[in-house]
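Please read the structure below before turning to the comments.
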Amino acid sequence: MKKILIILDGIVAKKLMQRIIEANTGDNSYDVIYVSDVILPVQKPSNFTFYKFDPTSKSKLAMVLDKNIHTEVLIALNSKDEMLNVIKIIREHTKNLQMTVLDYWGIKVNDPLVNIYRGIEVLANGMVEKLPNVPVLAQNIGLKQGEIMEIRIPFGSSYAYRYIGSIEQKQWRIFGLYRNQKMIDIKPSLVLKPNDVILVIGKPDVLMQIYNVIGKTQGQFPMPFGSNIYLYLDLYLENEESVRKTIEEAKYLNQKLKNSLLVVRVTRPTTVQIMDIIKSELKYFPTVILQIDYANKGFSKIIKDDYRKYNIGMIMLTQEIFKNKEEAKLVLELKIPILKLGKENLKSVKRTAIILNDTHSYEQISPIVFDISSQLKVKTKIFDLDPIGEKDGKSPLLDHFENLAKIFNQKLEIVTSSENPIRELKKQKNMLQILPLKEEMFKKRLSFKFFYTNSDFIAFDMNRFNQLLIPISEE
């Protein structure tokens, strides 16, 4: 049991005494020197001993110091002179005693064992942290450098409706979450919601970057999944025309989206000519990294190795990769968005489009829809189709999208009809369809498409449109 000396007087003494008693675990023993009876608690714990006298009295203070061997002193007094006198008396009596003092005057003490807790700064920080869009830092925990932060998830944030397992966390971690004034157990499948408060730990400069990203409502994709776009090209499956088109699509997105780098991974090179085409197309782009696999390591190994190496936030795959659904399914483990390239050109995209389906999935992908639209500078088109008459008027999911559109200041076009979703899709052109990424999409299906009614799965099998598949929690 450690023996702590506490010396109190002044306007904060009563509150400080109350907090010390509330925090009392019985593991410490306390000697309390006080001046006014106002600070005395109603109930005095058995491990507290109280002494009433002026702490600037050298003889009386020495009497308490001689009585016990204290490991630390906590001092909060009403004046600068009294504080300096008490520090001097204690140091003359005991050379190696650690002191923590509450300072409102800007005192300077040339003593490495005196820890000065500046009250004015604490008050200022506390008031500033109550302002909106200001990070809240743990002031006196860990290294005291701001490596622990509290962040509120705003409406429209790219982190809203993301499940924790899909969020790239390098050099930082989410270790706590509060929802509706209650602490929630952290698990990878937990979905973050607007107004959630998360506790994060990491390098202070990294946390400030994360705070800025979370607080912004648009223009962040491919964050929070990662910072780079990744194109996988298996030349054994592609011809010269498709390679040229795919490279152009990747360069276009590299210019439009807020990614750091475009990583182009080429595997199974076929001819010198096609390699020369790729190199010439990427030659003058400083934000592009070209990596060539001559060893034929295989799709699975290459993807997993590059995912760890390049902080991938979105992977671009051609239609040929999806012909082997069992192999393509490996990307599900990465929990990052997949851009499934279609026959249309990305440069011709005039709108992002979604066909409303289950609320659980589409609520999760909703912020990404508007984030992508804002970066591509296109409007969003929502198809609220009900061919068998199951819905009664406007759904809560549609209301959710309309509210988000206002937050993102985005144009939203809503098509409500009883048209068959796939027939309606076939009428469309120049659009980027955004879908939730589901494991069942990669299962082998019957050739008779009319047996399937889920618009997500049927749309996934279409090759006309470019499709962005966003990972979700399916629990």
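The values are calculated or read from the model by the stated rules, or taken from the named source; none is laboratory data. All of these numbers come straight from a predicted model, not from anything done at the bench. Neighbour counts are summed over all protein chains in view; Cβ atoms, including those assigned to glycine, are modelled from backbone coordinates with ideal geometry. Ligands, DNA and RNA are excluded from the accessible area calculation, which covers all protein heavy atoms including side chains. Shrake-Rupley method; radii C 1.70, N 1.55, O 1.52, S 1.80 Å.
Listed here are the residues, each with its yes/no results for (1) part of a helix (DSSP H, G or I); (2) open to solvent by 70 Å² or more (accessible area, probe 1.4 Å).
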{"site": "V38", "(1), (2)": "yes, yes"}
{"site": "P41", "(1), (2)": "no, no"}
{"site": "K44", "(1), (2)": "no, yes"}
{"site": "D81", "(1), (2)": "yes, yes"}
{"site": "K95", "(1), (2)": "no, yes"}
{"site": "V101", "(1), (2)": "no, no"}
{"site": "V109", "(1), (2)": "no, no"}
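For the stretch 16-36, the set of residues classified as surrounded by 15 or more Cβ atoms within 10 Å (Cβ to Cβ), of a type in the set (S, T, N, Q) and at pLDDT 90 or above consists of S29 only. Does at least one position in the stretch 113-125 carry a residue that is modelled with pLDDT of 90 or more and among the aromatic types (F, W, Y)? Within the stretch 113-125, none of the residues are modelled with pLDDT of 90 or more and among the aromatic types (F, W, Y). Once the stretch 327-368 is narrowed to residues that are among the polar types (S, T, N, Q) and open to solvent by less than 10 Å² (accessible area, probe 1.4 Å), the residue that is farthest from A160 (Cα to Cα) is T352. If the condition is being open to solvent by 30 Å² or more (accessible area, probe 1.4 Å), in a strand (DSSP E or B) and not β-branched (V, I, T), then the stretch 145-198 contributes E150, R152, R173, F175, Y178, R179, K182, M183.
Considering only residues in the stretch 14-47 that are within 13 Å of I4 (Cα to Cα) and among the polar types (S, T, N, Q), the one that is nearest to the chain's Cα centre (by Cα) turns out to be N24.
Checked against (1) surrounded by fewer than 18 Cβ atoms within 10 Å (Cβ to Cβ); (2) under 25 Å from N254 (Cα atoms); (3) touching a helix residue (DSSP H, G or I) at 6+ places or on another chain (Cβ under 9 Å), N324 passes all but condition (2). Among the residues of the stretch 256-272, those identified as more than 11 Å from I229 (Cβ to Cβ) and either open to solvent by less than 40 Å² (accessible area, probe 1.4 Å) or in a helix (DSSP H, G or I) (or both) are R265, V266, T267, V272. Taken together, G342, G298 contain a single residue that is in contact (Cβ under 8 Å) with a residue 60 or more places away in the chain, out of contact with any Ser or Thr (no Cβ under 7 Å at 6 or more places or on another chain), over 19 Å from K443 (Cβ atoms) and of a type outside the set (V, I, T), which is G342.
Restricted to the stretch 301-310, and to residues there that are open to solvent by 40 Å² or more (accessible area, probe 1.4 Å) and of a type outside the set (F, W, Y), the residue that is nearest to L237 (Cα to Cα) is K301. Being of a type in the set (V, I, T), touching a Ser or Thr at 6+ places or on another chain (Cβ under 8 Å) and at negative phi is true for just one of I407, I414. Which residue is that? Only one candidate qualifies: I407. In this structure, does F221 turn out to be part of a loop (DSSP other than H, G, I, E, B), touching a Gly at 6+ places or on another chain (Cβ under 7 Å), open to solvent by less than 10 Å² (accessible area, probe 1.4 Å) and of a type in the set (F, W, Y)? Criteria not met by F221. Considering K52, K67, the condition of being more than 30 Å from L137 (Cβ to Cβ), open to solvent by 80 Å² or more (accessible area, probe 1.4 Å) and at pLDDT below 90 is satisfied by K67 alone.
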